[in-house]
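Contents: one structure, followed by commentary.
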Amino acid sequence: KQEVTQIPAALSVPEGENLVLNCSFTDSAIYNLQWFRQDPGKGLTSLLLIQSSQREQTSGRLNASLDKSSGRSTLYIAASQPGDSATYLCAVGYTGGFKTIFGAGTRLFVKA
Amino acid sequence: DTEVTQTPKHLVMGMTNKKSLKCEQHMGHRAMYWYKQKAKKPPELMFVYSYEKLSINESVPSRFSPECPNSSLLNLHLHALQPEDSALYLCASSQGRLAGRGTDTQYFGPGTRLTVL
């Protein structure tokens, strides 16, 4: 069964800290992996997409890595800010059809 | 422009009503998706249209029926829903996998908050 797990479920940090969010998946035959941000009651905002052939992607203070062999991806957020407070979701796209499976998310709270 | 629009923003309906949710994108994308998201849960894929071909999640009940009038529009028709169908319904679009290898970023709309009484 294809499953996506995110750890931790929730995280509270003081402003300025660097932090790492984790995503693991059971089936390594992935097409791509995408990280999203979701604010309460809102839609999803795409942050980074990593193709199955890539190891990492960077955008501003965000860096996402992918290790297919171990079934893991991490999202690194540098110098966290209160505006980063949101739920972060990873979504694994699989080959064969358009199956996309989301993790349950990590709820991040950055304290000013 | 990376915008996906959804209407209405909120919808309240009874179990005997028939209603439709609408989604539109003008990015030239060839794949469009419907997701259902319950409170504090991740989105679950319901339907995908890619190059006008429908793929479905077979666990989705028949009271939900998608329609893709053209490559820019995606509707979700609702009929005889149950209270447990109350959720945030999210639409997304992407270039489509024929466009490249693994570069298929999905862009999401703001969602329709559906309440079934």
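Structure summary
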item	result
Cα-Cα separations in chain A greater than 20 Å, expressed as whole percent	35
Chain B - charge dipole about Cα centre, Lys and Arg +1 at Cβ, Asp and Glu -1, debye rounded to 20	220
Computed magnitude of the charge dipole of the protein assembly as shown (debye, nearest 20; Cβ of K, R +1, Cβ of D, E -1)	300
For q = 0.12, 0.14, 0.22, 0.26 Å⁻¹, Debye-computed log10 I/I(0) when each Cα of the range B:20-113 counts as one equal scatterer	-0.35, -0.48, -1.15, -1.52
Inter-label distance, nm, simple model (7 Å from Cα along the C-beta direction), B:Ala39/B:Lys9	2.0
Length released on extending from B:Leu117 to B:Ser65, taking residue separation times 0.36 nm less the Cα-Cα span	16.8 nm
Nearest-0.05 FRET efficiency for A:Ala29 and A:Gln81, computed from C-beta distance (R0 35 Å)	0.45
For the protein assembly as shown, the Rg and Dmax computed from alpha carbons only, in angstrom	17.5, 52
Among B:Leu90, B:Asn75, B:His10 - extreme Cα towards positive end, dipole of chain B, charges at beta-carbon	B:His10
Cα centroid separation - the range B:8-70 against the range A:46-85, whole Å	28
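FYI, it's all coordinate maths here, none of it is from the lab. Since the model is a prediction, treat every value here as computed from it, not as a measurement. Note: ideal-geometry Cβ built from the backbone for every residue, glycine included; neighbour counts use all protein chains shown.
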